[in-house]
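Have a look at the structure below, then the notes.
No lab work stands behind these numbers, since they all come straight from the coordinates. Here the structure is a predicted model, which means the values were calculated and not measured. Neighbour counts are summed over all protein chains in view; Cβ atoms, including those assigned to glycine, are modelled from backbone coordinates with ideal geometry.
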Amino acid sequence: MNQEHTSPAASVSTDQAANAAHFAIALRNFNGLLRTNSFAQALIWARQAEQLAAVTEEPTMTAAVREAYVALILTSAAKFEALTLHCGNITRTQGTLADIIAESTDCLVEHLRGGKEIPYAVALAVQGFSKILQGCVSAHVKSAELLTSAEFLADVFQSLDPIVQHASSLTRSPELCELSIDEKLAFAATAMSNAGYELNWLLPSDWDKASFYCKRVQLLLTEKALTLAGQELQTAPPKAIHPRLQGVLDALPAALISLTDKQYRQSKRRLKAITTALQAIVA
């Protein structure tokens, strides 16, 4: 009676193929969940992918896991900033995002441990800032304060900005994890509108909060954003869109000076003009 025997080499090849297939499924699930902002579930699949990559230690798999963790950190950070510009306060939602950033960073550090020194050192820096961010946000949420001061928001971004800066150096395409230009413009318009509402003729005005919004919009609409505008905005050619965005950037310093000097009428007029210009671009 003939018996078929499978050689050890063939068995290994079959196992590797099966592992690669499961790895592909894990990454596909991760990317799908990341696109829908289901960050906690996406992290589960990133961890699954890491375990599968560890079986074969295939360089391409290892690199893909690193990219996944970094993408999760950067995308969560972008959503954190967007939500803060939208509502002007730190809420439980930002608390959840800070937790995801910290957990993803912990995974990234472990993933890079024992590898190249520079990526590992950068990941450790991200981990430090993420722990500070997580603790800061958690304490604020537990305090149940309804409003968040401009001073506290500035402290929060003292940790969030370095997280984005350092994590971006660990991926080949950090721009893929940023807000799109349409999203940046929309949130910038909302932030400038919020800045205007912080000023009140009868009630006390929050000049610091209004200034915070303006400063964040300046950072959100950088020269890089102007370049991307011509590539991503399909509603107008680059030469038509750039002057309007540049006009907004040119007007922001004057608005900040008015806010610093607490010039009510001038501040309201300038904030309104910037808001209207941004809303016209978004429309």
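Considering every alpha-carbon pair of region 1-122, the percent of pairs per 5 Å bin, from zero through the bin containing the longest distance, is 2, 11, 18, 18, 15, 12, 8, 6, 4, 3, 2, 1, 1, 0, 0, 0.
Membrane-span-like helices in the chain, defined purely by DSSP H runs whose alpha carbon atoms cover 15 Å or more axially and whose average Kyte-Doolittle hydropathy reaches 0.0, are 8-35, 39-56, 59-87, 92-112, 117-143, 150-168, 181-197, 238-260. Rounded to the nearest 20 debye, the dipole size of the chain about its Cα centre is 1120 debye, using +1 on the Cβ of Lys and Arg and -1 on the Cβ of Asp and Glu. Taken about its Cα centre, region 95-210 carries a charge dipole of roughly 280 debye when the Cβ of each Lys and Arg holds +1 and the Cβ of each Asp and Glu holds -1. Given R0 = 41 Å, the distance between the Cβ atoms of Glu175 and Gln16 translates into a calculated FRET efficiency of 0.75. Positive end of the dipole of the chain (Cβ unit charges, origin at the Cα centre): among Gln218, Leu160, Leu34, the Cα lying farthest that way belongs to Gln218. Cα gyration tensor of the chain, axes a ≥ b ≥ c as square roots of the eigenvalues: rounded (a/c below 1.5), prolate (a/b > b/c) or oblate? Since a/c reaches 1.5 and a/b is larger than b/c, the shape of the chain is classed as prolate.
Note: relative contact order over the chain, using C-alpha pairs below 8 Å and six or more positions apart, is 15 percent. Step through the residues of region 172-178 one at a time and calculate ³J(HN,Hα) from phi using the Karplus curve (6.51 cos²θ - 1.76 cosθ + 1.60, θ = phi - 60°), rounding each to whole Hz and writing x for Gly and Pro. Here the 3J(HN,Hα) series is 6, 9, x, 5, 5, 9, 7 Hz.
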